[in-house]
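The values are calculated or read from the model by the stated rules, or taken from the named source; none is laboratory data. Keep in mind the model is a prediction, meaning the values are calculated, not measured. Backbone-built Cβ (ideal geometry, glycine too); neighbour counts: all protein chains shown.
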Amino acid sequence: MAPFSTDEESAGIVFESGAGRWLLAVAVAGSGMAFLDSTVVNVALPDIGKDFNASTSALQWILNGYLLTLASLILLGGSLGDRYGRRRVFVLGVGFFTAASLLCTVAPSVEFLIGARLLQGVGGALLTPGSLAIIEASFRPSDRARAIGAWSGLGGVATAFGPLLGGYLIGAISWRAIFVINLPIGIFVAWAATRHVPESLDPSAGGRIDLRGAALAALGLAGTTYALIEAPGKGASASILVTGIGGLLALAAFFVSERRGANPMLPLEIFRSRQFSAANGVTFVVYAALGGFFFLLVAFLQISMGYTPIEAGAASLPVTLLMLALSARSGALAQRIGARLPLTLGPLIIAVGLLMMVMIEPGDGYLTSILPAIVVFGLGLTLVVAPVTATALAAADTRHSGIASGVNNAVARVAGLLAVAVLPVLAGLTGDSFYDPAKMTDGFHTAMIVCAGLAAAGGVLAWLTIATAVLHAEAEPGGDTPERLGEDFSCGIGGPPLRPGREADCSPGVAVGVSASTAR
């Protein structure tokens, strides 16, 4: 099989080729580096807190500082990739992330660490949308769902593997070692990307960069996040009111700016696709539940259950194994039977697993109490990750793949950002109570009930809004084409086309060379 298909309807890199494997390896390693840091830091929070004598709000900022800049700038990162080259911006993000990781390693204070985490988020905002956009733009249409499934599964493995690796490094060396591992990965990814990843961009992109929109998004999220995190300790003080109200006003101004701007980083017409909007709605609700779960699980295991860092990290290893074994198959299954059923059942199964965690008490055995809940949670997660990502990208025009992937990533990160900011308040884990075993136990149980409700709501939302055939446009060669599927991929979802006069929206397109555009 040739590594690059030349047929007009299936042009692009072939998944099962050397070029395809290199491209996937680079995309997974780059995004996996960012995904890894999103979970590995959770394991280190108790040790970081003790080392710096940090408050609960400081620990929240260590997580949310990264999420804040990541969520604020990820749309800009996708837009920059579409305009100046996805590979170029991806490599720039990898370099920035690697340098910021070095600063985290040598941080002399919690304030310095928070600042370095903010810089890490900037790098993540540049590399994360680029990794997925490169896949969407470079692989041939019939291989995209499979490639996205592999990317999602392997990226999910990196996310889930983070606690285990972090626990080992913390116990064997120190919490600073969790940032050192990014240095060799970043160097490898930057080298391999320049040699094995084709450049792609949106040839129609032009005009000024939307710096105003990026600034308003950052100010809006920063103000609201600050108010949510600091309000329990400071109450309705002037600083809380000013930052909270100012943040909301900045977010409102952001949407007005994007609606009226000549070159917005977030073209709001992309949301005219009901399937794109629905997929991002499901992403927001479910990833809020996931963010709350991953934030508190390893802390609960260490503080309340007496686990060491490596034991707490190893506790979630079954999630890693399930993601590795089933996520790619989940993406292929969703393409065959439609995304609606997996995106309905997956969140509901996640909710069951989270409710099972409410039953965990100090002294309970891992095999009889924790493992069953982890397995159920992991099974649900495998049904969600690949299909929700593929659905969001499939519902958008491929020439906007950088923006579409940026939106989906931003939605997921904002959901996690808000969950980390709000959940400790709802669970009563403010002040010094985070380190109290009894209060952590009660707070963890409350938080899991809240997260289960969010996950279940995501399943209901998917059932009501996701179309069964949204992924069918990327059928295998010789299989059902979008036309035979009743044009239910993009045209049939009720939303207007993403660009005027797009008469072939439901036809397979081309993903070749520099433009890597597909009219679907």
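For the stretch 46-67, a residue qualifies if it is surrounded by fewer than 23 Cβ atoms within 10 Å (Cβ to Cβ), more than 10 Å from PHE434 (Cβ to Cβ) and either among the β-branched types (Val, Ile, Thr) or in contact with a strand residue (DSSP E or B) (Cβ under 7 Å, 6 or more places away or on another chain) (or both), and exactly one does: ILE48. Say whether the condition of being of a type in the set (Phe, Trp, Tyr) and within 20 Å of the chain's Cα centre (by Cα) is met by at least one residue in the stretch 365-376. No, there is no match, as no residue in the stretch 365-376 is of a type in the set (Phe, Trp, Tyr) and within 20 Å of the chain's Cα centre (by Cα). Only one of the listed residues (GLY313, GLY346, GLY292, GLY331) is out of contact with any Gly (no Cβ under 7 Å at 6 or more places or on another chain), part of a helix (DSSP H, G or I) and surrounded by 18 or more Cβ atoms within 10 Å (Cβ to Cβ). That residue is GLY292. Taken over the stretch 394-408, the criterion of being in a helix (DSSP H, G or I), of a type outside the set (S, T, N, Q) and either touching a Phe, Trp or Tyr at 6+ places or on another chain (Cβ under 9 Å) or at pLDDT 80 or above (or both) is satisfied by ALA394, ALA404, VAL407.
Checking each residue in the stretch 181-195 for being more than 21 Å from the chain's Cα centre (by Cα), among the β-branched types (Val, Ile, Thr) and at pLDDT 90 or above picks out only ILE187.
Take the conditions among the acidic types (Asp, Glu), surrounded by 19 or more Cβ atoms within 10 Å (Cβ to Cβ), modelled with pLDDT under 90 and farther than 30 Å from THR320 by Cβ and apply them to GLU230. Does it pass? For GLU230, the condition - among the acidic types (Asp, Glu), surrounded by 19 or more Cβ atoms within 10 Å (Cβ to Cβ), modelled with pLDDT under 90 and farther than 30 Å from THR320 by Cβ - is met.
Would you point out the residue of the stretch 254-273, among those that are surrounded by 17 or more Cβ atoms within 10 Å (Cβ to Cβ) and at pLDDT 85 or above, that is farthest from LEU461 (Cα to Cα)? Filtering the stretch 254-273 for residues that are surrounded by 17 or more Cβ atoms within 10 Å (Cβ to Cβ) and at pLDDT 85 or above, the one farthest from LEU461 (Cα to Cα) comes out as SER257. For the stretch 85-101, the criterion of being polar (S, T, N, Q), surrounded by fewer than 24 Cβ atoms within 10 Å (Cβ to Cβ) and in a helix (DSSP H, G or I) is satisfied by at least one residue. In the stretch 103-110 there is no residue that is in a helix (DSSP H, G or I) and closer than 16 Å to VAL26 by Cβ. Within the stretch 379-393, the residues that satisfy the criterion of being at pLDDT 80 or above and among the polar types (S, T, N, Q) are THR382, THR391.
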